[in-house]
Amino acid sequence: MKPLVLGCQHLPGVTLITVAGQLDTITSGQLDGFIRQVRRRPEEHVVLDLTELSFMDSSGLRVMLTTHSYSAQHGGSLRLAALRPGPARLLHIAGLERHLSIYTSVQDALADAFATE
């Protein structure tokens, strides 16, 4: 099993979080805590760079939905970027594509976040 590796970059009005490895019941709490720790303001936009996320289960979806709800309640947003086929398929099966903002690249997600700033 690949460990979860997280990184953060603060940009004007946006927190870019890189997520690599496997997001499952064992590691989802780690991502949830990391997002809460690194977000500077509740209304800030969050972009998750999922380029290196190789696996995600329903507990990972829960973290994303919780982050999405919290962000929306405070005037911010959550954007998911560069999903691999496996995690993308899980989002599709769960019917969450219409509820979450999904982008093919990190650059597209950032550009949209900056445009709403």
* Do the conditions hold for THR66, that is, is it polar (S, T, N, Q), surrounded by fewer than 19 Cβ atoms within 10 Å (Cβ to Cβ) and over 10 Å from the mean Cα position of the chain (by Cα)? -> yes
* Structure fact -> In the set THR25, THR51, THR18, the lone residue that is buried (at least 17 other Cβ atoms within 10 Å of the Cβ) and more than 16 Å from SER77 (Cβ to Cβ) is THR18
* Asked: Is it the case that some residue within the stretch 36-47 is surrounded by fewer than 21 Cβ atoms within 10 Å (Cβ to Cβ), among the aliphatic types (A, V, I, L, M) and closer than 22 Å to PRO3 by Cα?
  -> yes
* Structure fact -> Flagged in the stretch 85-112 as among the small types (Gly, Ala, Ser) and either at pLDDT below 95 or under 18 Å from SER59 (Cβ atoms) (or both), in numbering order, are GLY86, ALA88, ALA94, GLY95
* Selection from the stretch 69-88 of residues that are over 17 Å from LEU23 (Cα atoms) and open to solvent by 30 Å² or more (accessible area, probe 1.4 Å) -> SER69, TYR70, ALA72, GLN73, HIS74, GLY75
* Asked: If you check every pair at least six apart or on different chains, which have Cβ atoms under 8 Å apart with a residue in the stretch 3-27 that is within 20 Å of HIS45 (Cα to Cα) first and a residue that is of a type in the set (D, E, K, R) and buried (at least 18 other Cβ atoms within 10 Å of the Cβ) second?
  -> GLY13/GLU44; VAL14/GLU44; THR15/ARG39; THR15/GLU44; LEU16/ASP49; ILE17/ASP49; THR18/ASP49; VAL19/ASP49
* **Residue pairs meeting the criteria (Cβ under 8 Å; at least 6 apart or on separate chains; first of a type in the set (S, T, N, Q), in the stretch 68-81; second assigned to a strand (DSSP E or B) and open to solvent by 10 Å² or more (accessible area, probe 1.4 Å))** => SER71/HIS45; SER71/SER77; SER77/HIS45; SER77/SER101
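The values are calculated or read from the model by the stated rules, or taken from the named source; none is laboratory data. Values in this document were obtained by computation on a predicted structure and should not be read as measured data. So basically every Cβ, Gly included, is an ideal-geometry build from the backbone, and we count neighbours across all protein chains shown. What goes into the accessible areas is simple: the full protein's heavy atoms, side chains included, and nothing from ligands, DNA or RNA. Shrake-Rupley method; radii C 1.70, N 1.55, O 1.52, S 1.80 Å.
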